[in-house]
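This report concerns only the one structure given below.
The values are calculated or read from the model by the stated rules, or taken from the named source; none is laboratory data. Bear in mind the structure is a predicted one, so any value in this text is a computation, not a measurement. Here the Cβ positions follow ideal geometry from the backbone for every residue, glycine too, while neighbour counts run over all protein chains shown. Ligands, DNA and RNA are stripped out before the accessible areas are found, and what is left, the full protein with its side chains, is counted by its heavy atoms. Shrake-Rupley method; radii C 1.70, N 1.55, O 1.52, S 1.80 Å.
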Amino acid sequence: MRTRITRGAVLTAAAAMSAVAVAVPAQATPVALPTANMEAVIKAAQIDPRRPDTTLTPGAKDSVLLVERALDARNLLEGQYVDGHFGTATISAYAAYQRSLGYTGLAASGLPGQTSLRKLGESRYTVGNALDPGGRVTYHGALMNSRTKAMLVEAERLLGRQLGITQGSYNPGGVGGSAGTHDGGGALDISVAGMSAGTRTDVARKLRQVGFAAWVRTPSQGPWGYHIHAIALADTDQSPAAQHQAGDYYLGYNGLANRAPDDGPVVTPKVTWEEYQRR
């Protein structure tokens, strides 16, 4: 038996479907999260704890604020320190956050690493200009990470010569007088055997040009012979002592405990490896 569908029934059904369609809410457009520039955050984390005041690191305020607000939301940083200055209070708060993730030792020094920075920013911010020290490698018989090796290789290319390494990175305790700077990544001591004073200065200059804080060390400065001490800026594997030397370099000091004026070759601007590559 054939069922007869009237015009009125069709119109009634169409109207009902229209009503249902209208009742379905529109999908909300996802809100884009702000981006924390990791390069800026790390630069501030190296420099700000070494400042005598709360001056902000140029270009870092917005990114540091994102990190500090996330720490504040976890009750790890008091609101008064959410100011864009990555000083000692923020370093301590970030170290507490790293410990909450199960990190220990140098991995909980308060210097942000890529993994912890992303975890902290979940649903709050994304991470841009991410920094990665890379895996550990041996170069010229010394242990270092792949980022430090790349920097050293480029400095050697600029110099037109290879350099001898007397102490590499990841050397807990280090040799006498190292004061913990070689406990983590990014730290090198370079031999100056057979070099004239001018050559030593030129080596330090080339190292600075590719992103190291580098100084010619002399016997009058400590219990060591002539050598060049170099710290890779923005290396997120650095020990606290190396972090302090990096900050002091930016601020115009010599990287020693006396914090005397920088006695190395003038290189402007002071750049990281990533900034050097973009030039």
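Could you list all residues from the stretch 37-52 that are over 15 Å from residue 90 (Cα atoms) and open to solvent by 40 Å² or more (accessible area, probe 1.4 Å)?
The answer is 37, 52.
Out of the residues in the stretch 133-177 meeting the condition of being in a loop (DSSP other than H, G, I, E, B), touching a strand residue (DSSP E or B) at 6+ places or on another chain (Cβ under 9 Å) and open to solvent by 50 Å² or more (accessible area, probe 1.4 Å), tell me which one is nearest to residue 205 (Cα to Cα).
Among them, the one singled out is 140.
Residues to consider are 53, 62, 48; find the one that is more than 19 Å from residue 234 (Cα to Cα) and at pLDDT 95 or above.
53
Which of the residues spanning the stretch 227-276 are under 16 Å from the mean Cα position of the chain (by Cα) and among the polar types (S, T, N, Q)?
Hits for the stretch 227-276 are 236, 238, 239, 243, 245, 272.
Considering the stretch 107-120 alone, what residues qualify as being among the hydrophobic types (A, V, I, L, M, F, W, C) and crowded, with 20+ Cβ neighbours inside 10 Å?
111, 117, 120 - these are the residues of the stretch 107-120 that are among the hydrophobic types (A, V, I, L, M, F, W, C) and crowded, with 20+ Cβ neighbours inside 10 Å.
On the basis of being crowded, with 24+ Cβ neighbours inside 10 Å and either hydrophobic (A, V, I, L, M, F, W, C) or outside any loop (DSSP other than H, G, I, E, B) (or both), does residue 188 make the cut?
yes
So if I check each of 71, 77, 66, which one is open to solvent by less than 60 Å² (accessible area, probe 1.4 Å), out of contact with any helix residue (DSSP H, G or I) (no Cβ under 8 Å at 6 or more places or on another chain) and more than 23 Å from residue 248 (Cα to Cα)?
Sole residue among the options that is open to solvent by less than 60 Å² (accessible area, probe 1.4 Å), out of contact with any helix residue (DSSP H, G or I) (no Cβ under 8 Å at 6 or more places or on another chain) and more than 23 Å from residue 248 (Cα to Cα): 66.
For residues that are closer than 13 Å to residue 69 by Cα and under 16 Å from the mean Cα position of the chain (by Cα), scanning just the stretch 85-97, find the one that is most open to solvent (accessible area, probe 1.4 Å).
85
Pairs please, first residue from the stretch 209-220 and in contact (Cβ under 8 Å) with a residue 60 or more places away in the chain, second anywhere and among the charged types (D, E, K, R) and open to solvent by 10 Å² or more (accessible area, probe 1.4 Å), Cβ atoms under 7 Å, 6+ apart in sequence or on different chains.
Final answer for the pair search is 210/154.
Return the pairs, sorted by first residue and then second, in which the second residue is modelled with pLDDT of 95 or more and aliphatic (A, V, I, L, M), the first residue lies in the stretch 252-272 and is over 21 Å from residue 226 (Cβ atoms) and open to solvent by 30 Å² or more (accessible area, probe 1.4 Å), the beta carbons are less than 9 Å apart, and the residues are 6+ apart or on different chains.
259/251; 270/213; 270/233
Determine whether residue 208 is charged (D, E, K, R) and loosely packed, with under 15 Cβ neighbours inside 10 Å.
no
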